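In what follows, a single structure is set out as structure tokens and then discussed.
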Amino acid sequence: MDQAHAALTLSVIGLVPTIYGAALPPLAMVRAGEGGHLVDAERMATLTAAAVICVAASLTRSPEVLAVGAIMVIAYAAAYRSAARSGAQHG
């Protein structure tokens with residue numbers, strides 16, 4: 001992997017949390033059961049992040065960007081869904 005792809009991969013690592021942070025409340029609020037319309041917002045954040053990752057990967061033709069971005073999107077989606085389930089049980 002050359003330096004340009006490495007820089008883009010690191011940018012993707014920072015971009016996914018930014019998209020989720022802009023679209024959703026913090027995980028602590030979700031766990032506390034304070035996330036209104038969380039399911040729709042989480043789906044939109046997931047779709048937005050996945051679309052951005054796919055466009056970046058296809059423009060650069062970099063499978064590394066796609067792989068790292070997909071892992072980040074899956075991890076954030078799982079974290080928010082787990083927190084929402086936890087908040088629903090306690091709230």
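The numbers here are math on the coordinates, done by the rules we state, and not lab data. Nothing here was measured: the structure is a model prediction, and the numbers come from that model. As a convention, Cβ positions derive from the backbone with ideal geometry for all residues, glycine included, and neighbour counts pool all protein chains shown.
Do you know which of the residues in segment 24-50 that are of a type in the set (Gly, Ala, Ser) and within 10 Å of the chain's Cα centre (by Cα) is surrounded by the fewest Cβ atoms within 10 Å (Cβ to Cβ)?
Quick first cut of segment 24-50, residues of a type in the set (Gly, Ala, Ser) only: 28, 32-33, 35-36, 41, 45, 49-50.
Now restrict to residues that are within 10 Å of the chain's Cα centre (by Cα): 45, 49-50.
Details: Ala45: 21, Ala49: 24, Ala50: 17.
Among those residues, the one meeting the criterion is Ala50.
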Next on the checklist: Here is a check on your reading of the model: is Ala77 among the aliphatic types (A, V, I, L, M) and farther than 21 Å from Ala7 by Cα?
Outcome noted: yes
Next on the checklist: Considering only residues that are buried (at least 17 other Cβ atoms within 10 Å of the Cβ) and over 13 Å from the mean Cα position of the chain (by Cα), which ones fall in segment 51-65?
Outcome noted: Ala56, Ala57, Ser62, Val65
